[in-house]
Amino acid sequence: MTRLSVNLNKIALLRNARSLNIPSVTAAAATAIGAGAQGITVHPRPDQRHIRTDDVRDLAQMLAHHPEIEFNIEGNPFHGLIELARLWRPHQCTLVPDETNAVTSDHGWEIGRDGERLRPVIAELHNLGIRVSVFMDPLPQVMPAVRAIGADRVELYTEPFASAFAAGDATAELVRYAAAARAAQAAGLGVNAGHDLNLHNLPPFLAAVHDVLEVSIGHALVADALDQGLAATVRNYLSAIAKGEGAA
């Protein structure tokens, strides 16, 4: 079954609006885990507008008591991610080509340009015992090159699919993502997915794109939690995953 990793950035963004330390990022993580989430994701950025360095520390210490739960830290490896990885040794680092002022992730790496810069980063993370996922657009032809620089997985950037789904016709995008996943798997890469996935588009995505190991979902999940409660929302996303895999 595809694992659900809950991204807590928007919990931290709300917390940061005041100085009261509510809502608690670690309490949200505990609720998500109690409801069945199999992973926790954070994406700290240099301006610390949501997840802060202390959040990474607190979550790492909390998750040390939950060895069955994977901790995934996303971010640009040239903007502080490596330093956090050295300190807290997450299970996985997802390397994302964010600029320092990016509102959100909006494209994958250009391996032809960036691959050799990423190679030593990946090697260091491996030496720390950390699995490495590389944030990529759904481009089947570049997957062997991603594997060649040492990556263990790719995370497919799914916003183009989500936009097509919202517009009413995601057929062509699903074909493209399925081809990219097959190419990645053929190259020896595991496949993760994330960005703008939600309760509505997640089942058809997983029905078409097979053997996805993990989906990382934050914005839509936290928004749904305002209506449904966080624990119920996590359970609903797990049901959506099961529905999609059952239709595969």
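Restricted to segment 11-30, and to residues there that are surrounded by 19 or more Cβ atoms within 10 Å (Cβ to Cβ) and not small (Gly, Ala, Ser), the residue that is farthest from the chain's Cα centre (by Cα) is 15. Any residue that is in contact with a helix residue (DSSP H, G or I) (Cβ under 7 Å, 6 or more places away or on another chain) and under 16 Å from residue 3 (Cβ atoms) - is there at least one of those in segment 173-187? Looking through segment 173-187, none of the residues is in contact with a helix residue (DSSP H, G or I) (Cβ under 7 Å, 6 or more places away or on another chain) and under 16 Å from residue 3 (Cβ atoms). Being in a helix (DSSP H, G or I) and either surrounded by fewer than 19 Cβ atoms within 10 Å (Cβ to Cβ) or in contact with a Cys (Cβ under 7 Å, 6 or more places away or on another chain) (or both): is that true of residue 179 here? Answer is yes for this residue. For residues in segment 190-248 being under 13 Å from the mean Cα position of the chain (by Cα) and β-branched (Val, Ile, Thr), which is nearest to residue 140 (Cα to Cα)? For segment 190-248, the residue satisfying everything is 191. Within segment 149-176, the set of residues being surrounded by 17 or more Cβ atoms within 10 Å (Cβ to Cβ) and either hydroxyl-bearing (Ser, Thr, Tyr) or at positive phi (or both) comprises 150, 157, 158. Mind listing just one residue for me: the one in segment 186-206 that is part of a helix (DSSP H, G or I) and not aliphatic (A, V, I, L, M) and, of those, nearest to residue 174 (Cα to Cα)? Result: 205. Is at least one residue of segment 106-122 surrounded by 16 or more Cβ atoms within 10 Å (Cβ to Cβ), in a helix (DSSP H, G or I) and touching a residue at least 40 places away in the same chain (Cβ under 8 Å)? Yes, segment 106-122 has at least one match.
Of all the criteria given as (1) outside any helix (DSSP H, G or I); (2) touching a helix residue (DSSP H, G or I) at 6+ places or on another chain (Cβ under 7 Å); (3) of a type in the set (A, V, I, L, M), the one not satisfied by residue 20 is (2).
Pairs linking a residue in segment 171-199 that is closer than 27 Å to residue 235 by Cβ to a residue that is of a type in the set (Phe, Trp, Tyr), with Cβ atoms under 6 Å and 6 or more positions apart or on different chains, are 177/161; 195/157. Any residue at all in segment 62-71 that's more than 19 Å from residue 214 (Cα to Cα) and out of contact with any helix residue (DSSP H, G or I) (no Cβ under 9 Å at 6 or more places or on another chain)? Yes, segment 62-71 contains a residue that is more than 19 Å from residue 214 (Cα to Cα) and out of contact with any helix residue (DSSP H, G or I) (no Cβ under 9 Å at 6 or more places or on another chain).
Scanning segment 47-88 for residues that are surrounded by 15 or more Cβ atoms within 10 Å (Cβ to Cβ) and part of a loop (DSSP other than H, G, I, E, B) yields a total of 5.
No value in this document is a laboratory result; all are computed from the given coordinates. Here the structure is a predicted model, which means the values were calculated and not measured. Cβ atoms come from the backbone with ideal geometry, glycine included; neighbour counts cover every protein chain shown.
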